[in-house]
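What follows is a set of notes on a single structure, which appears directly below.
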Amino acid sequence: MKKFLSANEAVAHAAAHAGCVVASAYPGTPSTEILENIAKFKDTVRCEWAVNEKVAVETAVGASMAGARALTAMKHVGLNVAMDPLMTFTFVGPLGGFVLVSADDPGMHSSQNEQDNRNLAKFARALLLEPSDSQEAYDFTLKAFELSEKYSAPVILRLTTRTSHSASLVDLGDFKPVPHPLIPYKKDIRRNIPVPAFAPTQRLNAQKRTEAMEKEACRSKFNKVVKPMRGVNVSTKAKGLGIVTSAVAYQYVKEIFPDCAILKLGWTNPLPKALVEKFAKSVKRLLVVEELDPFLEDQIKAMGLKVVAHKTELNMFELNADRLQNLRHEILGDMPKAKANKTDATLPRRPPVLCAGCGHRGVFYVLHKLGATVTGDIGCYTLGAFPPLDAMDSTICMGASIGNAAGMRKAGLKGRICAVLGDSTFFHSGITGILSAHYNGTPVTTVVLDNRITAMTGHQDNPGTGYTLARDPAPVTEIADIAKACGYKKVVKVSADDLAELEKVLKDAMDGDEGALIIAYAPCRIAAKLTKEGLCETDPEACKACGACFKLGCPAITRGDEVAPGRFKMKIDASLCAGCSHCRQVCRFGAIKKVR
């Protein structure tokens, strides 16, 4: 059986085929589609969106301790949130196979930072597998469950944006999604409770396990020597050059260095040192090519092996064939440098913007008008930082907005301060923030932008939507009830599309001397399919070209006739307008009307 699959889809199919019983994750690009596709096998796999990555890992850990095969998935920064349980579980060790998929994002296509989670796999003493394409993503995931049970070790499967979202033909073999039999659970506090009395033994066991895993890595078919491609003329300068590489970097190496011997590593932690040493002896010069940190290179150098030095930058941002061509030009000189991609400087740049009709726009418009210092968070609303809204001062990580605002207030920063985050982010890690601020008597105003969806990663459900990942009905958790339970007296729900009321509520909250939680509600118009509701149009005769509506930054508002240098009448693109009516509310001349 063969299918055309992305690596994310391949992982999902492999989990079902391997008999995974429990799968838990928090959505985050580029990992989101893994759980969405595992959910298609809900008859055999129990899937769920957890409120954050830490809970997702803890759920998978519990399933593993009960003897079931379990999988958890997250983007690279999600693993930061989940390190607490993982670092202890590495001592305890799985009973049922435990696989953690970390999808890294070289180049920061949809992330606030760039990090190489191979370092965290080594730190956690986890077995690390790195597929280079969809077929390997499938094969490695199948084997990961077996290796986890064999060594009682957590296995991290590391994908990157390029592998996660690239698709190729995958041989699924005799595909049968059947739950794997549970390994009988037995109470064993010496194994499962890492208190000081038991932890030293668990630490020694983890070390012995690592040594055993390294020996198997040296003979694993996931690590192999690839000889120069047949029919390719071997460059005189390339003779004797051997390249150590892994993951998607292998695809670029194979393209640009087809005449070189390659040690392709798919099992990279623990590093198969004996295999690397044997390969190094078979070549005259050794080059290491990897994406992001010198994870392999530093370990190989520590073995006392000499590695070819180069000036071509490989350890920042996403690799591509051009960068490898420049590397070959530098060290071999038998290939010209890649031509620089030149963009026409005269072409206008399209800045990132909130969708037309997005309720977040009204909140940021008002906050900017009120001159507030706004600590932001991770989500669509991060776009509120850019002109013309220009209404966000910081973004650190999920849930950080509230703690950041509290810290600014504690530091003595004067003026209006407001923390802003979305509903899914509030459930993820905002609750502890408002509780801490209230407990410590810090009068922080928090605005929850409640569009009842996890919008940025593709409209996934959360505890406030009323549905689970499997689209089964679920209890709706009210944000206002949580805030009141935390002790907040001032809890206000207001329509994010009513600018006058928003201004009144936000001004009152930020100028007050007590903590406040404001729920600015407006549905995500794309998720709710409201993009064609109540469309607006302009009366060109009534428009005074004052420019007030342009300050909203709505992509549906465009320039019309120029009435004076730098002053334009406005037009509304009916194909983009979603009918939020923000523009009608800021126009002082009644020049904007509803079509229906």
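The values are calculated or read from the model by the stated rules, or taken from the named source; none is laboratory data. Since we're looking at a predicted model, the values are computed, not measured. Heads up, the Cβs are rebuilt from the backbone with ideal geometry, glycines too, and the neighbour counts pull from every protein chain shown.
Against the conditions (1) within 30 Å of A10 (Cβ to Cβ); (2) in contact with a strand residue (DSSP E or B) (Cβ under 7 Å, 6 or more places away or on another chain); (3) surrounded by 15 or more Cβ atoms within 10 Å (Cβ to Cβ), where does P258 fall short? Just the number, please.
(2)
Has segment 524-535 got at least one residue that is surrounded by 14 or more Cβ atoms within 10 Å (Cβ to Cβ), over 35 Å from the mean Cα position of the chain (by Cα) and not assigned by TED's automatic domain parsing to the domain that holds I453?
No: segment 524-535 contains no residue that is surrounded by 14 or more Cβ atoms within 10 Å (Cβ to Cβ), over 35 Å from the mean Cα position of the chain (by Cα) and not assigned by TED's automatic domain parsing to the domain that holds I453.
Taking segment 219-253 only, how many residues are assigned to a helix (DSSP H, G or I) and within 32 Å of the chain's Cα centre (by Cα)?
Here the count works out to 5.
Within the group L147, L204, which residue is farther than 19 Å from V99 by Cα and either of a type outside the set (F, W, Y) or not in a helix (DSSP H, G or I) (or both)? Talk me through it step by step, then tell me what you get.
Details: L147 fails: farther than 19 Å from V99 by Cα.
Testing whether each residue is farther than 19 Å from V99 by Cα and either of a type outside the set (F, W, Y) or not in a helix (DSSP H, G or I) (or both) leaves just L204.
Using beta carbons and a limit of 6 Å, which pairs, at least six apart or on different chains, have the first residue in segment 583-596 and under 23 Å from H368 (Cα atoms) and the second one among the polar types (S, T, N, Q) and exposed (fewer than 13 other Cβ atoms within 10 Å of the Cβ)?
No pair meets every condition.
When you go through (1) at pLDDT 90 or above; (2) crowded, with 20+ Cβ neighbours inside 10 Å; (3) in contact with a strand residue (DSSP E or B) (Cβ under 7 Å, 6 or more places away or on another chain) one by one for G379, which number turns out not to apply?
Status for G379: all satisfied but (1).
Within segment 154-176, is even one residue assigned to a helix (DSSP H, G or I), out of contact with any Pro (no Cβ under 7 Å at 6 or more places or on another chain) and at pLDDT 90 or above?
There is at least one residue in segment 154-176 that is assigned to a helix (DSSP H, G or I), out of contact with any Pro (no Cβ under 7 Å at 6 or more places or on another chain) and at pLDDT 90 or above.
Of the conditions (1) surrounded by fewer than 19 Cβ atoms within 10 Å (Cβ to Cβ); (2) touching a Pro at 6+ places or on another chain (Cβ under 8 Å); (3) among the small types (G, A, S), G566 fails just one. Which one is it?
All conditions are met except number (2).
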